[in-house]
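Some notes on the structure that comes next.
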Amino acid sequence: MFAYLVKRAIQAVAVMFAISLIAFAIQGNLGDPLRELVGQSVSEEVRQQLRDELGLNDPFLTQYLRFVGNALQGDLGTSYFFKEPALEVILKKLPATLELVLGATVIIIGFSVPLGVYTAIRPDAVLSRVIMALSILGISVPVFLTAIMMIFVFSVEWGWLPSFGRGDVVHVWGYWETNFLSLDGWEHILLPSVALASIMLPLFVRLIRAEMMEVLQSEYVRYAKAKGIAPWRIYFIHALKNTLLPVITVGGVQIGTMVAYTILTETVFQWPGMGFMFLEAVNRVDTPLIVAYLIVVGFIFVVTNTIVDLIYGLVNPTVNIARMGA
Amino acid sequence: MQKLMSRVAAAAMAAALSTGAFAETSIKVAYDADPVSLDPYEQLSGGTLQLSHMVFDPLVRWTQDLQFEGRLADSWEQVDATTMRFHLRKGIKFHSGNAFTAKDVDWTFDRIKESADFKGIFAPFTDVVVVDDHTIDLKTAEPFPLVLHTATYLFAMDSAYYSGTTAEGADKSEIVKHGDSFASRNMSGTGPFIVTEREQGVKVVFDRYDGYWDTASAGNVDEIILTPIKEDPTRVAALLSGDVDFIAPVPPTDLKRVEGADGVNLITMPGTRIITFQMNQNRVEAFKDPKVRLAIDYAINNQGIVDRIMRGFGTVAGQASPAGYLGYSGDYAPRFDLARAKELMSEAGYADGFSVTMMAPNNRYVNDDKIAQAVASMLSQINITVDLQTMPKAQYWPTFDERAADMMMIGWHADTEDSANFHQFLTACPNADNGNGQYNSGSFCNEAADKLMDAANTETDVAKRTEALQKLEGILYDEAAFIPLHWQNLAWGAKDGMNAGEIVNALNFPYFGDLVVSE
């Protein structure tokens, strides 16, 4: 177990280095940060002077080594726009994004399991067909369209829910302000969470359904039926548990993808998280913030994948984590 | 009757005040972006100026009909050809409690000279001379016609407040483009509002300044919460659902929706930003021929672009200067005549046409990429084949600096609100020494036009100046130096009772201090 963790940690560092190098290499093509820092009529001479001050005229390797040197001391650069250390900016925005992802995850788990199981055991029911048809629709409609449609229906037409932002958040600890401790907060997080969940939920419903149907054909389920065990026990205890392994694998990867989808959701809802921050940083050519974001997101991917591997062992005893580390 | 009513209202208000039942007027405003910094001289942008007009006051400001109105300056007079004297209002106090005097103006002027973004505008000025506590002289090296135009950028900062060093030992007055500075996080001005809370990219909260000098202003807003909402549909939805009271800009696609919605008003106004295409004569031999340039101008249906792509949300242009500027003349009408365009192409010997590359941004101006597509297809009718590439502004500007395509789109708003500025940056002979033609990707060069600009820049007689500037734009028009398309309109959306129409202007900095909200 310990050897496995060490191995994963070394892998993670290698991945981080690769990401930082790639992020640094592409930043030259993202545009000229000076354009966003100065007014349109500022002369080229003044621009060059500012470029020198920022160290943007140094050779690539000099800039990269300087960056790595600072990064090893925990300094990922200073955002041009926020005028604060990039890492701090991201950490401030992180809770908003994590809460949104959490909200969406709860919706996905809460709906995908019962719907998936139901459509598997009653494949011919009318309701199952409706669910499957809707899931196709859900997968094919882009998340920003879903989001805008929801805003127009629930905020503009019916006036039930607020159209943008986080509303009144409650301060918990450090940079963490939560939506979950006030009614206004709940109202604000509902639409964005549903929008974010809309893209993943159908996927999971279909995945659980497919796995479940396969398991239901297996010998032990038939045997259990023959033995007279209550159907709900067969479905939810015996069968469901054996469908979860592939679901968790896909889920781990999808949580990472969900972080990517937060960029769209947060932009539409003006949600002050790091996805929206990233898109703005790209628009403003805030290169230190872009590089820091890529590194942080890379880190999140590595961590979630490691956790998924660990959960494997808990769900399926035949997966031997210790041996994976050898 | 009206008078009686207002007296009754005043009495009722006094009664309400005395019993402590006075309700605060708080409004929520959503813009597409929030100010980059609290420092009024860090970055020259619309967002900064909008903020400056809320927290600071300029010496003079523009009125809705583009006249000057005294703010910190009570009155002004020309002392000699190179000196303008401003008499400052007395009894004004900064938010910090410090008294506002002439030395604050002097101090601010010196600070502006250190600002990369603003020093260009103030370049003609050599000095501010403090005559007494409430009188200053603005001095220029040459006679300068735009003294008042420039004075709209002079927002007096609280010199005592911004002097000294911070706990970390940094100079409080320094202007830092990137990173932390005292002035980017702290403010003390004379303006109607004080920033009480700010989370960058999320919201800024303004409270009315109790000691605001302009007691004649009927403005009654006690609190403003400014939220940036980047996405157009979300911003419109926020207004329609009642989450915010005032939005800008309203995107062209939603103009009808906002106009037709109950309880919400649409306010539009012709803007001053011109959208143009430039034709690079260094890259394409044919563009050296004025006939070809004219043919292109004749081939492009500006009106069609405004009607269909901009949905009427623009003013068709035949020149760079919009109406109200000295260089504007009704004679320079937009050209569109396909037959004439084909004729000119044949005369120039290009009846069979040629191929060009074209580049335009896709997130800088309203519908910029769609406009470029329309222009490209219009040019195909005179046998010019266009290879069009559009890209985000972040990538576009470095490409523009390289002059990477034969035709490039550029929009321009004159910081000085003056005609000469358009020519200086867009069509003057490119010259790295004096910075002329910095955005002249067409490399158009006409000595006579440049001479007219130089003359206009030192001519203080308005009639003579108008003549020079109109003549200058006439040369550009006859030569088809560039392709003018339209001036982008401005649009704001406001809830009923906001009376926002009174405080907006073509420069797009609403004077919130004067906003009257009626219930």
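Each reported figure results from applying straightforward, stated rules to the coordinates on display, with no laboratory input. These figures come from a predicted structure and were not determined experimentally. Neighbour counts run over all protein chains shown; Cβ positions are idealised from the backbone, glycine included.
Remarks
- Packing, as the average of other Cβ atoms within 10 Å across residues, places the peptides B:496-507, B:146-157, A:291-302 in the order B:146-157, A:291-302, B:496-507, highest first.
- On the basis of the beta-carbon distance and an R0 of 30 Å, residue B:261 and residue B:363 show a calculated FRET efficiency of 0.70.
- Cut-off under 5 Å, modelled amide H: who pairs with residue B:389 long-range: B:358, B:359, B:360
- Both radii were evaluated on the Cα set of chain A; the Rg over Rh quotient, with Rh as the Kirkwood radius, amounts to 1.05.
- Ordering of A:195-208, A:159-172 by burial proxy (mean other Cβ atoms within 10 Å per residue, highest first): A:195-208, A:159-172
- Principal-axis analysis of the Cα atoms of chain A puts helix A:60-72 at an angle of about 60° to the longest axis.
- Counting only aspartates and glutamates at least 8 places from residue B:119 when in the same chain, those with an alpha carbon closer than 14 Å to its own are A:44, A:45, B:42, B:110, B:127, B:415.
- Using alpha-carbon coordinates, inclination of helix A:287-315 to the longest axis of chain A, degrees: 20
- Taking 10 °C and 1.306 mPa s as conditions, segment B:163-223 diffuses translationally at an estimated 116 µm²/s according to Stokes-Einstein applied to its Kirkwood radius (Cα pairs).
- Helix A:86-121 axis, angle to chain A major axis (alpha carbon atoms, nearest 10°): 20
- When only alpha carbons are used to place a centre, segment A:146-165 and segment A:12-41 end up 36 Å from one another.
- Taken about its Cα centre, chain A carries a charge dipole of about 1640 debye when Lys and Arg each add +1 at the Cβ and Asp and Glu each add -1 at the Cβ.
- Helix-derived mean residue ellipticity, 222 nm - over the protein assembly as shown, DSSP H n ≥ 4, -39500 (n - 2.57), to 500: -14000 deg cm²/dmol
- Centre separation in Å (Cα based) which lies between segment B:120-196 and segment A:193-253: 68
- DSSP-assigned coil residues among trypsin sites (Lys or Arg not before Pro) in segment B:157-252, each with at most 16 further Cβ atoms within 10 Å: B:172
- For chymotrypsin sites (Phe, Trp or Tyr not before Pro), no site in segment B:306-349 is both called loop by DSSP and has at most 12 other Cβ atoms within 10 Å.
- Efficiency of FRET between residue A:279 and residue A:43 - r from beta-carbon atoms, R0 30 angstrom, step 0.05: 0.45
- Segment B:335-340 - phi-based ³J(HN,Hα) in whole Hz, Karplus 6.51/-1.76/1.60, Gly and Pro as x: 9, 7, 6, 5, 4, 4
- Restricting segment B:30-138 to chymotrypsin sites (Phe, Trp or Tyr not before Pro) that sit in a DSSP loop and have at most 10 other Cβ atoms within 10 Å of their own Cβ leaves nothing.
- Hull volume per residue, based on the alpha-carbon atoms of chain B and their convex hull, is 170 Å³.
- Average beta-carbon neighbours from other chains, 10 Å sphere, peptide B:154-161: 0
- Only one residue of B:345, B:163, B:494 has its Cα farthest out toward the positive end of the dipole of the protein assembly as shown, where Lys and Arg carry +1 and Asp and Glu -1 on Cβ, and that residue is B:494.
- Over all Cα atoms in segment A:118-255, the spread is summed up by Rg and Dmax: 19.7, 57 Å.
- Listed from fewest to most Cβ neighbours within 10 Å, the set A:126, B:292 follows the order A:126, B:292.
- As a proxy for reagent exposure, ranking B:181, B:346 by other Cβ atoms within 10 Å from fewest up yields B:346, B:181.
- Amide H contacts of residue B:209 (H built 1.01 Å from N, under 5 Å, at least 5 apart or other chain): B:193, B:194
- Amide hydrogen neighbours beyond the local backbone of residue B:27, cut-off 5 Å, H modeled: B:223, B:224, B:225
- Distance distribution P(r), segment B:270-489, all Cα-Cα pairs, bin width 5 angstrom from 0: 1, 8, 15, 21, 21, 18, 11, 5, 1, 0 percent.
- Separation between Cα centres of segment B:31-47 and segment A:90-125, rounded to whole Å: 40
- Of A:43, A:9, A:218, farthest towards positive along the dipole that unit charges on Lys, Arg, Asp, Glu beta carbons give the protein assembly as shown: A:218
- In sequence order, calculated HN-Hα J values of segment A:21-27 (Karplus, 6.51, -1.76, 1.60; Hz; x Gly/Pro): 5, 5, 4, 5, 5, 7, 4
- Listed residues B:181, B:252, B:191: farthest to the positive end of the dipole of chain B (Cβ charges): B:252
- Dipole moment magnitude, nearest 20 debye, segment B:270-489 about Cα centre, only Lys, Arg, Asp, Glu C-beta charged: 600
- Solvent-free Debye scattering, log10 I(q)/I(0), computed from the Cα coordinates of the protein assembly as shown at q = 0.06, 0.09, 0.11 Å⁻¹: -0.49, -1.02, -1.40
- Exercise: per-residue mean of other protein chain Cβ atoms within 10 Å, B:190-200: 1
- Entries in B:393/B:471; B:113/B:139; A:92/B:230 that, when Cα-Cα distance is taken, lie over 22 Å: B:393/B:471
- ³J(HN,Hα) computed for each position of segment B:318-330 - Karplus, 6.51 cos²θ - 1.76 cosθ + 1.60, integer Hz, glycine/proline x: x, 8, 7, 6, x, 4, x, 8, 4, x, 6, 9, x
- About its Cα centre, the dipole of the protein assembly as shown is roughly 3760 debye, where the only charges are +1 on Lys and Arg Cβ and -1 on Asp and Glu Cβ.
- Other protein chain C-beta atoms within 10 Å of residue C-beta, averaged over B:415-427: 1.
- Extending 7 Å from the Cα toward the beta-carbon at both residue A:225 and residue B:96 defines two label points whose distance is 8.3 nm.
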